[in-house]
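Right, one structure below, let's go through it.
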Amino acid sequence: VSISKDITLPKATTTAQLERAPIIQISSNTVAVEGVKVGDSEDLLREDDLRIQDLTDKLQEMRKVDEMMHPGQPFKGQIIINCDKDVDFKLVKKVMYASTEAGYINFNYAVLVTGASGEEGEGGEG
């Protein structure tokens with residue numbers, strides 16, 4: 001999982017291996033999916049509406065491509081969220097809502113893995 005330089009991941013001790021899925025990056029500045037900006041974080045937080053239409057639209061496009069590439073297979077609806085540990089949860093909730101609208105219902109969160117020794121590594125599902 002590639003991490004944007006403006007995102008500091010939260011830490012977790014219990015994780016699972018991530019499968020390849022679309023990545024949504026949430027920083028204090030922007031929200032992006034697969035590196036494509038879909039909104040400014042501050043603007044999205046100011047809006048009362050839970051929807052992030054540009055994110056939903058992009059994810060629906062990605063879902064169509066996935067379904068064409070895997071005909072006859074059920075859509076897994078997995079998404080990976082790379083979120084800065086200090087981002088307001090209201091923004092995370094909006095991202096989750098927009099993802100659900102596009103049919104992505106299995107959320108995985110990229111975290112820094114910390115073990116009993118205090119060592120850290122990247123990846124994992126929290």
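So here's what we get for this one:
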| read-out | value |
| --- | --- |
| Around Leu91: net Lys/Arg minus Asp/Glu count, Cβ-Cβ under 15 Å | -4 |
| Exposure ranking of Leu45, Leu59 by accessible area [1.4 Å probe, largest first] | Leu45, Leu59 |
| Extended-chain gain in nm, criterion 0.36 nm per residue less alpha-carbon gap, Arg63 and Lys93 | 8.8 nm |
| Surface accessible to a 1.4 Å probe, Val65 within the full protein complex, Å² | 80 |
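The values are calculated or read from the model by the stated rules, or taken from the named source; none is laboratory data. All values reported here derive from a predicted model rather than from experimental measurement. Note that we place each Cβ from the backbone using ideal geometry, even for glycine, and neighbour counts take in every protein chain shown. All accessible areas refer to the heavy atoms of the entire protein, side chains included, with ligands and DNA or RNA removed. Shrake-Rupley method; radii C 1.70, N 1.55, O 1.52, S 1.80 Å.
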